[in-house]
Amino acid sequence: MTTLTIRRPDDWHLHLRDGDVLEGVLPHTSRNFARAIIMPNLVPPVVTTAQAAAYRDRILKALPKGDDFTPLMTLYLTETTDPADVEAGFRDGLITAVKLYPAGATTNSQSGVRDLAKVHSVLEKMAEIGLPLCVHGEVTDPAIDIFDREAVFLETVLAPLRERLPGLRVVLEHVTTENGVDYVKAQDKNVGATITTHHLMINRNAILAGGIRPHYYCLPVAKREKHRLALRAAATSGDARFFLGTDSAPHIDPLKETACGCAGIFTSINTMACLAEVFEQENALDKLEAFASLNGPAFYGLPANEATLTLTRQDEPVVFPRKVAVGQDEVTVFDPMIPIHWNVGS
Ligand code: OTD
Ligand code: ZN
Ligand code: ZN
């Protein structure tokens, strides 16, 4: 197969930031994706529907003319979130999901939730109205090894939460473990999971073997190879519970290449090309459309896109930009460490 045409994909987990970074990175998403769930971990975070409306306006202003792209906004859940504000945002069509960050779990999560009991009334309201909760599924207990934080979260936080509120729709974001895949498969239709492009392509050796490579550092941190293989099996299976959320998370190079670097991998430029390579390796090119374009909208109760995206295979590896300029700085593009033969375009 040398060309593949699929319905236009959506990105169900994306960090666009604000200001210069927003302007620099948005075109790389809006070129290929019709919609994206926009993560609310700005500084300060997007906590109220008024803040989400203002952020959506800034995104639309930064959108290149002619690009057909809809940002789907989220609210950052805090212990003081007002259920009435959440409901109003949902009923106005402004809010597509609410995001749970355990406090301290990832970049800009200091204002996140310490005690789930304190957000119970918001979660109850969300279950009642059918508004999904997107979850960063890692515990933050310093006593728990960083490679185990997702698995422990499933047992100690998510399972009890699901028992208390089985009607709440939950997306386990950026699942990185076989444990996570197995957990999602054992649930009912109220649970889905996003998978990133980079977690399908790298394991933890990319970060640590032969030198420390900050551009492969993200949260949840990449795990050992058996987990990557479980993610690839889930993504390429066609199972409707698994869909693409790139978690493309740009940080300017000086904040990555330093003694204590930020977590996040910037993939929006080459995500679709990399995915085509992965799905080809797995003999599953016929499942790419389900993963990138069909399963996500089905979970969120939205129509799949009518427009299409064509990917073309070439013999010579595709050369992607190594860096993207944002303001005075640069953001390094994800290097998949294998030749990529696919690119967007016919
Ligand atoms: N992970 N970096 C960021 C967010 C994600 O947990 C995430 O969703 C970020 O920089 O916002 C990261 O490594
Ligand atoms: Zn996260
Ligand atoms: Zn993220």
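The values are calculated or read from the model by the stated rules, or taken from the named source; none is laboratory data. Since this is a predicted model, take the numbers as computed values, not measurements. Heads up, the Cβs are rebuilt from the backbone with ideal geometry, glycines too, and the neighbour counts pull from every protein chain shown.
Annotation: F90 fulfils all but one of (1) surrounded by 20 or more Cβ atoms within 10 Å (Cβ to Cβ); (2) under 30 Å from G24 (Cβ atoms); (3) of a type in the set (A, V, I, L, M, F, W, C); the unmet one is (2). Residues in segment 1-18 that are outside any strand (DSSP E or B) and either away from ligand 3 (no atom under 16 Å from the Cβ) or of a type in the set (F, W, Y) (or both): M1, T2, R8, P9. The listed residues are N32, N41, and the only one of them that is of a type outside the set (S, T, Y), out of contact with any helix residue (DSSP H, G or I) (no Cβ under 6 Å at 6 or more places or on another chain) and surrounded by 20 or more Cβ atoms within 10 Å (Cβ to Cβ) turns out to be N41. A single member of L154, L208, L165 is on the phi < 0 side of the Ramachandran plot, of a type in the set (A, V, I, L, M) and in contact (Cβ under 8 Å) with a residue 40 or more places away in the chain, and it is L165. Among the residues of segment 6-29, those that are farther than 15 Å from L275 by Cβ and either away from ligand 2 (no atom under 16 Å from the Cβ) or surrounded by fewer than 20 Cβ atoms within 10 Å (Cβ to Cβ) (or both) comprise D18, G19, D20, V21, L22, E23, G24, V25, L26, P27. Out of the residues in segment 219-255 that are closer than 22 Å to P102 by Cα and more than 12 Å from the chain's Cα centre (by Cα), which is surrounded by the fewest Cβ atoms within 10 Å (Cβ to Cβ)? Selected residue: V221. Among L219, L200, L172, L158, which is out of contact with any Asp or Glu (no Cβ under 6 Å at 6 or more places or on another chain), among the hydrophobic types (A, V, I, L, M, F, W, C) and away from ligand 2 (no atom under 15 Å from the Cβ)? Criteria check complete, one pass: L200. Contact map, segment 276-292: residues that are surrounded by fewer than 21 Cβ atoms within 10 Å (Cβ to Cβ) paired with residues that are among the polar types (S, T, N, Q), Cβ distance under 6 Å, separation 6+ or inter-chain. Pairs shown: E282/T236; A284/T236; K287/T236.
Does A292 count as touching a helix residue (DSSP H, G or I) at 6+ places or on another chain (Cβ under 8 Å) and more than 16 Å from ligand 1 (Cβ to nearest atom)? For A292, the condition - touching a helix residue (DSSP H, G or I) at 6+ places or on another chain (Cβ under 8 Å) and more than 16 Å from ligand 1 (Cβ to nearest atom) - is met. Taken together, the residues in segment 181-205 that are closer than 13 Å to P220 by Cα, assigned to a loop (DSSP other than H, G, I, E, B) and free of Cβ contacts under 8 Å to residues at least 60 places away in the same chain amount to 2. In segment 256-288, of all residues being part of a loop (DSSP other than H, G, I, E, B) and within 15 Å of ligand 3 (Cβ to nearest atom), the one that is farthest from the chain's Cα centre (by Cα) corresponds to C262. In segment 89-180, counting only helices (runs of 4 or more DSSP H) that sit wholly within it, the ones holding 3 or more residues that are over 26 Å from P250 (Cβ atoms) and more than 16 Å from ligand 3 (Cβ to nearest atom) span 120-129, 159-164.
Taking residues in segment 33-53 that are part of a loop (DSSP other than H, G, I, E, B), and partners anywhere that are at pLDDT below 95 and not small (G, A, S), the pairs with Cβ atoms closer than 8 Å and at least 6 places apart or on different chains are N41/T106; N41/T107; N41/N108; L42/N108; V43/N108; P45/N108. Among the residues of segment 213-255, just one is in contact with a Leu (Cβ under 7 Å, 6 or more places away or on another chain) and assigned to a loop (DSSP other than H, G, I, E, B), namely T246. The residue of segment 310-343 that is surrounded by the most Cβ atoms within 10 Å (Cβ to Cβ), among those that are within 10 Å of C274 (Cα to Cα) and either out of contact with any His (no Cβ under 9 Å at 6 or more places or on another chain) or without any contact (Cβ under 8 Å) to a residue 40 or more places away in the chain (or both), is W342. Residue check: is D57 in contact (Cβ under 8 Å) with a residue 40 or more places away in the chain, closer than 24 Å to D10 by Cα, more than 16 Å from ligand 1 (Cβ to nearest atom) and not small (G, A, S)? When the stated conditions are applied, D57 does not pass them.
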